[in-house]
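Shown next, in structure tokens, is the structure this report addresses.
The values are calculated or read from the model by the stated rules, or taken from the named source; none is laboratory data. Worth saying up front: this structure is predicted, and the values here are computed from it rather than measured. Cβ atoms come from the backbone with ideal geometry, glycine included; neighbour counts cover every protein chain shown. Heavy atoms of the whole protein, side chains included, go into the accessibility calculation; ligands, DNA and RNA do not. Shrake-Rupley method; radii C 1.70, N 1.55, O 1.52, S 1.80 Å.
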Amino acid sequence: MTTTDERPTRVADPEFERKAERAEALRGFLQALPSYAYLVFFFAIPLVIVFVFSFASRSRTGRPVLSDWNLDSYAKLFQPIVAEIVARSLWLALLNTVLCLAIGYPFAYWLATRRSARYRAVLLVLVLIPFWSNFLVRTYAWRVLLGENGFVTEIGRALGLWDKLLFTQPAVFIGLLYGYLPFMVLPLYAALERMDWSLVEAARDLYASGWVAFRKVTLPLSKPGVIAGSILVFIPSLGAYVTPDILGGAKTTLLGNYIVRQFTAARNWPFGAALSFVVLVVMLIATIIYFRTDARTI
Amino acid sequence: MTVAVGLHAVTKRFGDVVAVDAVDLEIADGEFFSLLGPSGCGKTTTLRMIAGLEFPTEGSIRIFDEEVALAPPNKRPVNTVFQSYALFPHMTVAENVGFGLAMRKVPDAELRRRVGEAIELVRLGGMENRRPTQLSGGQQQRVALARALVNRPKVLLLDEPLGALDLKLRQAMQVELKDIQREVGITFVYVTHDQEEALTMSDRIGVMDAGRLLQVGTAEDIYERPANRFVADFIGETNFLDGVIVAEGHVEIGAAHTVRARTGAPVGTAVTLMLRPEKIQLHHPDEVVDGRNRLEGTVRHRLYFGDSLYYEIELKSGDTIDVRVENVPSLPRWDPGQRVAVSFHHDAADALTE
């Protein structure tokens, strides 16, 4: 035996491995950097500003003063008018979510069960078409439809259903339903489209009627879509500003409009800031609880 | 014979496509029956019509003398083991297995007992509270089987249930399925494209192609006595030689040879002579072969398969045939270019007219 057997036995190097891992981490950070920067500048910092202003005091003319820090704005949250507006907003947002679900689910189901992929694509584009024009413009269009001589108003009159729509709560409600229905349909469609329909066949084979198979299999399996759609409809409905502002009247003030008014007409920035911040925190907590319970049941 | 499943002139059309074409079939009570054919032959559609997941365009389907052709799946005394198992991902193993019983409002205590028994039957004890995603493919397959069997269906329908498993597991499950079928005594209707699976497991096999049921018989029937060229070709390996009947039981191949074959066809009929590779023997060209058909040819290729050798022989007529020879030391090896004689018993040569 001579030295022809000589082979390098230790090529692997822990130091090299660590370096590679560090390089990988750095690359990931750089990839995410633009998003990070955007979120910090346009989301985190403004949020901090809102938070700071909620403790500010006001000059006699209503200008916010960044001294004499206090909790007055938070105390004002307990006024009856706030409770009334919150209740109305919650009710409308909830009603809108439930109705979007009631209308959106059957439609998404029908859409997802079309055999032809081409047909499905066309229908999906039709759902998305409203997004091609500005939301504000579309809401103004509703003003025409719901106005004194508007198409929808005339139909209601002919059927004896209503006399006046514009600037009432039903008008706001119609506007919200119209505005947020696609946000319900899309996640529902996504959930139903990837459904394994042989599971429904299996349920039918195991003595379930069509309705029971839907309740026991299709519905639970489309739950992620139901949850995503509900959140996508409920949260913006609760904070809706444009729709109630354009279609609603004085008696239909919602949370969004009330907050805006604090920053404009009422000249009470600290109160507006406190209100915004509390709504944000409450919604965040509610969403987290919703997702947590869901993670356990699915 | 009690008929478990009776199909009479069953046709299924999807638009212009005829998926199942006037199928007549009777499956006996307690039978392990396989529907065998290439993909798209209509076997799965036939099974789905028995299950009630498709409805026939024409014809009648009877399950134990009850007409069910147009009954919904939940009103039929059958259960299905699906190709992809179709286990409910949001339910545990026990909930999956108990689904059918719960739907039929079986009392809780009985439900739990029967679910336990079914899970034992497929040897999945201890897995009751797992989710299907936490199980291996073979275990999921057993859950699907238990979920169907627990309902004590009059007929169990299986749609390529072993298709997704690897070879070893598939072979083990073949034996297990057959044992379970014997144990529970339920009629099994088994759809497969795997001929080996069908041959080893079934009491009888129905071979399908292009929506038509071509032949129904035991494994031996369809292998040894195929009804036509398609069946002969689909099941196992076969040599086909074109010929003409020149005398009763005699077929002329090319102009060079005349051999004896199994046939009832009249003189002058054009036939296809079917000859399985393993039923042919090779001899030295000078060897005298008594009582068997004898042809002469030349070895073109030799393929080594481990347990056997395949020889491609060019006959004097210009046809080539494959010959399979066991790889045993007592048999000589032949080299390409060598002249040989081939022989086969006249009973091994079937003259097919279709």
Any chance the stretch B:49-68 includes a residue that's under 24 Å from B:THR11 (Cβ atoms), within 11 Å of chain A (Cβ to nearest Cβ) and either in contact with a Phe, Trp or Tyr (Cβ under 6 Å, 6 or more places away or on another chain) or not aliphatic (A, V, I, L, M) (or both)?
yes
Quick check: anything in the stretch A:20-32 modelled with pLDDT under 95, under 30 Å from A:THR264 (Cβ atoms), open to solvent by less than 60 Å² (accessible area, probe 1.4 Å) and of a type outside the set (A, V, I, L, M)?
no
Residue check, A:ARG118 basic (Lys, Arg) and over 20 Å from the mean Cα position of the chain (by Cα):
yes
Within the stretch A:157-177, does at least one residue satisfy the condition of being assigned to a helix (DSSP H, G or I), over 30 Å from B:LEU53 (Cα atoms) and touching a Cys at 6+ places or on another chain (Cβ under 8 Å)?
yes
Go through (1) surrounded by fewer than 21 Cβ atoms within 10 Å (Cβ to Cβ); (2) within 14 Å of chain B (Cβ to nearest Cβ); (3) part of a helix (DSSP H, G or I); (4) not polar (S, T, N, Q) for A:MET195 and report which single condition fails.
(3)
Among A:TRP162, A:TRP132, the single one that is within 22 Å of the chain's Cα centre (by Cα) and open to solvent by 70 Å² or more (accessible area, probe 1.4 Å) is A:TRP132
Odd one out for B:MET127, checked against (1) away from chain A (no Cβ under 11 Å); (2) within 14 Å of A:ARG204 (Cα to Cα); (3) open to solvent by 20 Å² or more (accessible area, probe 1.4 Å):
(2)
With respect to A:VAL185, determine if the residue is without any contact (Cβ under 8 Å) to a residue 40 or more places away in the chain, more than 14 Å from chain B (Cβ to nearest Cβ) and out of contact with any strand residue (DSSP E or B) (no Cβ under 9 Å at 6 or more places or on another chain).
no
Tell me, which residue of the stretch B:322-331 that is β-branched (Val, Ile, Thr) and touching a residue at least 12 places away in the same chain (Cβ under 8 Å) is most open to solvent (accessible area, probe 1.4 Å)?
B:VAL325
Number of the condition not met by A:SER67 [criteria: (1) in a helix (DSSP H, G or I); (2) at pLDDT below 95]:
(1)
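For (1) closer than 23 Å to B:HIS8 by Cβ; (2) in the same structural domain as B:PRO266 (by TED's automatic domain parsing); (3) open to solvent by less than 60 Å² (accessible area, probe 1.4 Å); (4) not hydrophobic (A, V, I, L, M, F, W, C), each residue gets a yes or a no:
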site	(1), (2), (3), (4)
B:GLY206	yes, no, yes, yes
B:ASP209	yes, no, yes, yes
B:LEU213	yes, no, yes, no
B:GLY217	yes, no, yes, yes
B:ASN228	yes, no, yes, yes
B:ALA247	no, yes, yes, no
Looking at (1) open to solvent by 60 Å² or more (accessible area, probe 1.4 Å); (2) closer than 30 Å to B:ARG62 by Cβ; (3) assigned to a loop (DSSP other than H, G, I, E, B), which is the only condition B:ASN151 fails?
(1)
Apart from one, (1) surrounded by fewer than 21 Cβ atoms within 10 Å (Cβ to Cβ); (2) over 23 Å from B:GLN215 (Cβ atoms) all hold for B:LEU156; the odd one out is (1)
Which of the strands (runs of 3 or more DSSP E) found entirely inside the stretch B:246-321 contain at least 2 residues meeting this: free of Cβ contacts under 8 Å to residues at least 40 places away in the same chain and in contact with a Gly (Cβ under 9 Å, 6 or more places away or on another chain)?
B:308-315
Of the residues in the stretch B:105-122, those that are loosely packed, with under 12 Cβ neighbours inside 10 Å and assigned to a loop (DSSP other than H, G, I, E, B) come to B:LYS105, B:PRO107
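Across the stretch B:92-103, what is the total count of residues that are in contact (Cβ under 8 Å) with a residue 12 or more places away in the chain and more than 7 Å from every other protein chain (Cβ to nearest Cβ)? Break it down stepwise before answering.
Here is the first cut: in the stretch B:92-103, the ones in contact (Cβ under 8 Å) with a residue 12 or more places away in the chain are B:92-94, B:96-101, B:103.
From the residues that got through so far, the ones that are more than 7 Å from every other protein chain (Cβ to nearest Cβ) too are B:92-94, B:96-98, B:101.
Here the count works out to 7.
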Given the criteria within 14 Å of chain B (Cβ to nearest Cβ), crowded, with 21+ Cβ neighbours inside 10 Å, among the aromatic types (Phe, Trp, Tyr) and out of contact with any Leu (no Cβ under 7 Å at 6 or more places or on another chain), does A:TYR180 qualify?
no
